[in-house]
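Take this structure, written in structure tokens, and hold onto it; I'll ask about it next.
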Amino acid sequence: MKPLWWLLGSIGLAVLAADLLGRQFGLGALGGGDAGGNRVALTFDDGPSPQLPALLDMLARHEVRATFFLTGELAEHSLEALRAMQSAGHQLESHGYAHRHALSFTPWGEARQLGWHPEPWREGRLYRPPWGGHSPLTRLLARRAGVKVALWNAESRDWLAQDGATLARELLPTLRGGAVILLHDGPDAERSARTQALLEVLLPTLRERGLNAVTLHELEPRPIGWAAGWGRVRGMW
């Protein structure tokens with residue numbers, strides 16, 4: 001029995017280390033940009049949703065370009081939406097083929113998850129794991145797939161059942177240059193309306209403060225080190 005317990009213990013420690021170092025600290029993943037600059041990045045996960053056209057209209061009205069982390073099983077049925085995002089100058093990246101936590105996959109299943117990208121021909125491709133979740137193999141498989149893991153350092157909390165304007169007012173005091181803001185495209189009409197209400201307050205206020213909303217490529221995010229990692233952990237807890 002001892003070899004079995006050693007094996008199970010080793011697997012458990014590897015899973016805990018992957019979550020702590022990969023998701024919570026985010027060590028080595030791309031995080032924020034230049035804190036002394038005047039740029040922030042809007043990033044939207046989970047799409048493309050049926051509410052995407054309204055979101056794109058809002059971003060166009062505010063003359064803002066964003067980064068969309070798309071889910072393959074939705075994107076492959078939404079080619080018109082992909083073309084609309086591309087023609088508007090938005091950055092398209094991968095949220096994996098399926099919106100599932102990394103630990104729910106076999107190793108070969110996670111390899112397929114990371115192998116999908118909306119623009120597979122492009123250099124500098126990014127991957128954001130659903131919920132930021134990592135398995136012990138996520139970083140290795142990302143390197144093998146030729147993608148970089150990209151996280152965030154500011155949460156809109158648009159998944160909470162709160163008024164969008166209130167969420168924006170709670171988010172704004174935490175924002176500085178280099179912020180990578182986590183938002184969501186859908187998945188349903190209620191959450192999309194909340195996100196859009198948040199943006200109606202957020203975007204004009206950013207401009208008033210001299211902060212320009214740009215894509216991640218324009219922000220030039222940097223790998224997360226120990227200091228930034230501690231900041232992520234403090235923000236979570």
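What is the residue count in the range 96-115 for residues that are loosely packed, with under 13 Cβ neighbours inside 10 Å and among the basic types (Lys, Arg)?
Within the range 96-115, the subset loosely packed, with under 13 Cβ neighbours inside 10 Å is 106-108.
This time we only want the ones that are among the basic types (Lys, Arg), so: none.
Result for the range 96-115: 0.
Consider Leu74 against the criteria (1) modelled with pLDDT under 95; (2) surrounded by 16 or more Cβ atoms within 10 Å (Cβ to Cβ): it satisfies all of them except one. Which criterion is unmet?
Unmet condition: (1).
Applying the selection to the range 143-159, what residues are of a type in the set (A, V, I, L, M, F, W, C), in a loop (DSSP other than H, G, I, E, B) and either touching a residue at least 40 places away in the same chain (Cβ under 8 Å) or open to solvent by less than 20 Å² (accessible area, probe 1.4 Å) (or both)? Give the derivation first.
Restricting attention to the range 143-159, the residues satisfying the condition of being of a type in the set (A, V, I, L, M, F, W, C) are 145, 147, 149-152, 154, 159.
If we keep only those that are in a loop (DSSP other than H, G, I, E, B) too, we end up with 147, 151-152, 159.
Across the range 143-159, the qualifying residues are Val147, Leu151, Trp152.
Tally up the residues in the range 170-214 that are open to solvent by 70 Å² or more (accessible area, probe 1.4 Å), in a helix (DSSP H, G or I) and farther than 26 Å from Lys148 by Cβ, please.
Looking only at that region, the number is 6.
Restricting to the range 49-78, give me the number of residues that are more than 19 Å from Ala179 (Cα to Cα), assigned to a loop (DSSP other than H, G, I, E, B) and free of Cβ contacts under 8 Å to residues at least 12 places away in the same chain.
Number of matching residues: 2.
Any idea which of (1) modelled with pLDDT of 95 or more; (2) more than 18 Å from the chain's Cα centre (by Cα); (3) not in a helix (DSSP H, G or I) is the one Gly124 doesn't satisfy?
Gly124 satisfies every listed condition except (2).
So how many residues does the range 43-83 have that are of a type in the set (A, V, I, L, M) and more than 23 Å from Val201 (Cβ to Cβ)?
6
Mind listing whichever residues of the range 126-142 are surrounded by fewer than 18 Cβ atoms within 10 Å (Cβ to Cβ) and either on the phi > 0 side of the Ramachandran plot or in contact with a strand residue (DSSP E or B) (Cβ under 6 Å, 6 or more places away or on another chain) (or both)?
Matches in the range 126-142: Trp131 only.
OK, next. For the range 79-95, give me the residue count where each residue is crowded, with 18+ Cβ neighbours inside 10 Å, part of a loop (DSSP other than H, G, I, E, B) and out of contact with any strand residue (DSSP E or B) (no Cβ under 7 Å at 6 or more places or on another chain).
0
May I pose another question? Would you be able to say whether some residue in the range 140-157 is modelled with pLDDT of 95 or more, closer than 20 Å to Leu74 by Cβ and more than 17 Å from the chain's Cα centre (by Cα)?
Within the range 140-157, one or more residues are modelled with pLDDT of 95 or more, closer than 20 Å to Leu74 by Cβ and more than 17 Å from the chain's Cα centre (by Cα).
Surrounded by fewer than 21 Cβ atoms within 10 Å (Cβ to Cβ), within 29 Å of Glu123 (Cβ to Cβ) and modelled with pLDDT of 95 or more: is that true of His217 in this structure?
When the stated conditions are applied, His217 passes them.
With respect to the numbered conditions (1) more than 15 Å from Gly186 (Cβ to Cβ); (2) touching a residue at least 40 places away in the same chain (Cβ under 8 Å); (3) out of contact with any helix residue (DSSP H, G or I) (no Cβ under 7 Å at 6 or more places or on another chain); (4) open to solvent by 20 Å² or more (accessible area, probe 1.4 Å), which one is the sole condition not fulfilled by Asp46?
(1)
Right, next: Which ones in the range 49-71 are closer than 30 Å to Gly210 by Cα and open to solvent by less than 20 Å² (accessible area, probe 1.4 Å)?
Leu52, Leu55, Met58, Leu59, Val64, Ala66, Thr67, Phe68, Phe69, Leu70
The values are calculated or read from the model by the stated rules, or taken from the named source; none is laboratory data. Keep in mind the model is a prediction, meaning the values are calculated, not measured. Because the Cβ atoms are built from the backbone with ideal geometry, glycine has one as well, and the counts that use them run over all protein chains shown. Please note that ligands, DNA and RNA were not included when accessible areas were found on the heavy atoms of the full protein model with its side chains. Shrake-Rupley method; radii C 1.70, N 1.55, O 1.52, S 1.80 Å.
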